[in-house]
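Below is one structure; the comments refer to it alone.
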């Protein structure tokens, strides 16, 4: 009789183990699916909550450097490209640099004049920023610089046409 109870108890334990193991697998699979659904839903919510991302797309600002960025126009040293935009005034590319405005202007002046550009007389420059324009044949390049003392960075806007 004890042998029958032991056998019965053993069979019940094995059956319970198999049943619980099967339930655990279903829950893991189901949880995985729910996580995927939740992730997709969260991405949709994030896009709705982040209006800057939507505004950027509405304005036509593209990430990175444009494919047609001229090789004779330098990129500011110690900088990252924020984006670009095609306008009726030309292509506008924005950068953020750790260098000061006067240093960036010096870099552009040297590089552009080496490439045959001539600086126009309308340069306005202070320590906090400024602007300058260069011309070469039918090409025009302008730069606007603004120092952000809180970020310790210079915003650089280069326009070319």
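Since every read-out is calculated from the coordinates, none of them should be taken as a lab result. None of the values given here were measured: they were computed from a predicted structure. We place every Cβ from the backbone using ideal geometry, glycine too, and count neighbours over all the protein chains shown.
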**Protection proxy ranking of 97-105, 62-70 - average other beta-carbon atoms within 10 Å, highest first** = 97-105, 62-70
**Message:** If a paramagnetic tag sat 7 Å from the Cα of residue 151 along the Cα-Cβ line, which residues of the stretch 87-114 would have the backbone N under 15 Å from that point?
**Reply:** 93-101
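Let me know the shape class of the stretch 81-161, please: from the alpha-carbon gyration tensor, a ≥ b ≥ c as square roots of the eigenvalues, rounded when a/c is under 1.5, otherwise prolate if a/b is greater than b/c, or oblate.
Numbers: a/c = 2.03, a/b = 1.32, b/c = 1.53.
In terms of gyration-tensor shape, oblate.
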